[in-house]
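Below is one structure, written out as structure tokens, with a few remarks after it.
The values are calculated or read from the model by the stated rules, or taken from the named source; none is laboratory data. Just so it is clear, the structure is predicted and the values come from calculations on it, not from any experiment. Every residue, glycine as well, gets a Cβ built from its backbone with ideal geometry; the counts of neighbours run over all protein chains shown. The protein model used for the area step is the full one, side chains on, heavy atoms only, and it has no ligands, DNA or RNA in it. Shrake-Rupley method; radii C 1.70, N 1.55, O 1.52, S 1.80 Å.
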Amino acid sequence: ASLIKEKEMDDHFKLSGLIKALNPSILGHTNFLFKENSEVKSIEELIIHTFEGETTRNEMKDLMDQYGYKDMMVSAVFKNILDNGVFIEIGRDELYPSSKLSLTDEEIDEVKKYVEEQMAGKEYLCMSKLKGYRRKLPSIDLVWSPHLIKSILVKDGAFRQITKEYNDYRYDELIIVKAESEIQTFDDLVYFILKEEYEEITIGHYVKNFF
């Protein structure tokens, strides 16, 4: 305590720096320190070791809160583990380790066939419009949901998810396109809808309400 007071360790940046200076075998950064020979060397690896099955965003956030992660960093960690396919979305708030997802090629083909039928030749598909999927899709260890279907298709590489640059998983519509689609961004999607599905720009408020 006297050393901390003497060195004016009045924030966690200085404190973590002092700890690493006093013990060179301690590595890491401000919020996450670990021993040199530790099996866990990042908050992402800790999440992987901690949550080995179905979990929620709140449970992961609670863990990160314990390590002093602020909301912006929490959001960055979520983006990292999802973009890198470490976890997949199986619900709006539920996540699942990607490595634990085990489907046969035949089961994946059934999912793709069902979604292509739902698209009915359209360029994109809003997943909230799906109906009857639990009855039509094969029985697996997880409960079917639009998020799970999307995750399987994106992981397989047959489809891509279209998201806004500044997105919010709580409110944004789940939208997918085929991998070869010319629609690459959310802006492309909006342009496509205005160009192909509406005759007059004056009804653009319907598009706004749609999204």
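Below are the figures for this structure:
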| item | result |
| --- | --- |
| Segment 139-168, residues that are farther than 21 Å from residue 191 by Cβ, part of a loop (DSSP other than H, G, I, E, B), open to solvent by less than 20 Å² (accessible area, probe 1.4 Å) and in contact (Cβ under 8 Å) with a residue 12 or more places away in the chain | 145 |
| Number of positions in segment 68-91 that are in contact with a Lys or Arg (Cβ under 9 Å, 6 or more places away or on another chain), surrounded by 15 or more Cβ atoms within 10 Å (Cβ to Cβ) and of a type outside the set (A, V, I, L, M) | 3 |
| Selection from segment 68-87 of residues that are modelled with pLDDT of 90 or more and either part of a loop (DSSP other than H, G, I, E, B) or touching a Pro at 6+ places or on another chain (Cβ under 8 Å) (or both) | 84, 85, 86, 87 |
| Cβ-Cβ under 9 Å pairs, at least 6 apart or on other chains, segment 105-130 side under 15 Å from residue 178 (Cα atoms), far side aromatic (Phe, Trp, Tyr) and open to solvent by less than 10 Å² (accessible area, probe 1.4 Å) | 112/159; 115/159; 125/159 |
| Condition check for residue 178: more than 24 Å from residue 57 (Cα to Cα) and among the basic types (Lys, Arg) | yes |
| Selection count where residues are loosely packed, with under 14 Cβ neighbours inside 10 Å and touching a Gly at 6+ places or on another chain (Cβ under 8 Å), scope segment 92-108 | 1 |
| Condition broken by residue 111, with the remaining ones in (1) within 19 Å of residue 142 (Cβ to Cβ); (2) in contact with a strand residue (DSSP E or B) (Cβ under 9 Å, 6 or more places away or on another chain); (3) crowded, with 18+ Cβ neighbours inside 10 Å satisfied | (2) |
| Subset of segment 169-191 that is open to solvent by 70 Å² or more (accessible area, probe 1.4 Å) and closer than 26 Å to residue 101 by Cα - its residue that is nearest to the chain's Cα centre (by Cα) | 169 |
| Residue ID - modelled with the lowest pLDDT, chosen from residues in segment 54-67 that are open to solvent by 30 Å² or more (accessible area, probe 1.4 Å) and not acidic (Asp, Glu) | 67 |
| Matching residues in segment 126-138 - criterion: being closer than 17 Å to residue 169 by Cα and crowded, with 19+ Cβ neighbours inside 10 Å | 127 |
| Residues satisfying the stated conditions in segment 169-187, i.e. in contact (Cβ under 8 Å) with a residue 12 or more places away in the chain and part of a helix (DSSP H, G or I) | 186 |
